[in-house]
Amino acid sequence: MKVWLALIALTLVEVALLRVNAGPAVMLALLVGLSLVKAGMIAWWFMHLREFRPRPLVWALLFLALCVALTVIGFLQ
């Protein structure tokens with residue numbers, strides 16, 4: 001129940017960000033960050049990754065680092 005309520009709260013924060021007059025880069029960074037947190041919560045709880053120690057967490061962090069690196073490389077070109 002806590003995870004479900006947290007996901008609802010994060011979704012409400014994302015919707016509330018639509019009312020904020022921030023620059024597109026700031027808005028994109030906030031929305032992507034919140035989406036990553038929500039995806040992590042969904043994977044951790046509903047895909048039962050919390051029961052496996054520590055290999056899935058290590059793979060998830062390595063994959064996240066790869067995604068961030070590729071995104072940064074894409075912006076630099």
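Every number here is computed from the coordinates shown, using simple stated rules; none is lab data. Keep in mind that what you see is a predicted model, and the values were worked out from it rather than measured. Note that each Cβ is placed from the backbone with ideal geometry, even for glycine, and that neighbours are counted across all protein chains shown.
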| task | Obtain the nm distance between the two label points defined at Trp45 and Leu12 by a simple spin-label model: each point lies 7 Å from its Cα along the Cα-to-C-beta direction. | result | 1.4 nm
| field | Nearest-20 debye value, the stretch 2-76 charge dipole, Cβ charges on Lys, Arg, Asp, Glu | value | 180 debye
| message | Need one number for the stretch 2-76: average projected area of the convex hull over its C-alpha atoms, nm². | response | 5.9 nm²
| remark: Residue span Ile73 to Leu57: 0.36 nm per residue of separation minus Cα-Cα distance leaves a gain in nm of 3.3 nm
| task | Grab the Cα-Cα distance for Val37 and Ala25, subtract it from 0.36 nm times how many residues apart they are, and report the gain in nm with one decimal. | result | 2.5 nm
